[in-house]
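Notes for the one structure printed next.
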């Protein structure tokens, strides 16, 4: 398996992000089966407003505003990629890294469970969330690039 490193832009995006989440991302890049980049770390209020306006985010109470969240993208052939199968592989690496670092982790692929509290394949984790929301008559919001520290442990 190839070994990847975070690039200059990814490291810059981690500036201001909580040190526990930075440790997880840095460990994940060492163990991931596919390269990735940190697409977004801490955000300003103006940036968050733009994300909400575009529909990319649903809240002005984003964990990105406090440095408790990152968005990742797969990096294949020098190009950022957002396909679900690739993001699920990144989620597997992030879960493994978080468990190794003893850091709880919430994933935008399933907002209802901590990724570190389940050993189900990430594809199943997403599917279960979607089915649960649809069954409850609610629209699912899958944000698979998004990883955050849970509020209960990181207020």
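Derivation of every value follows stated rules applied to the coordinates shown; laboratory data play no part. It should be emphasised that the depicted structure is a prediction, and the values quoted were computed from it without experimental measurement. Note that we place each Cβ from the backbone using ideal geometry, even for glycine, and neighbour counts take in every protein chain shown.
Which members of the range 123-152 meet the condition of being in contact with a strand residue (DSSP E or B) (Cβ under 8 Å, 6 or more places away or on another chain), part of a helix (DSSP H, G or I) and surrounded by 15 or more Cβ atoms within 10 Å (Cβ to Cβ)? Result: 125, 126, 128, 129. Cβ-Cβ distances below 8 Å connect the following pairs, each with a first residue in the range 16-43 that is on the phi > 0 side of the Ramachandran plot, a second residue that is surrounded by 19 or more Cβ atoms within 10 Å (Cβ to Cβ) and not in a helix (DSSP H, G or I), and a separation of six or more residues or different chains: 16/41; 16/42; 16/67.
When residues in the range 115-149 are screened for being touching a helix residue (DSSP H, G or I) at 6+ places or on another chain (Cβ under 9 Å) and without any contact (Cβ under 8 Å) to a residue 60 or more places away in the chain, 14 of them pass.
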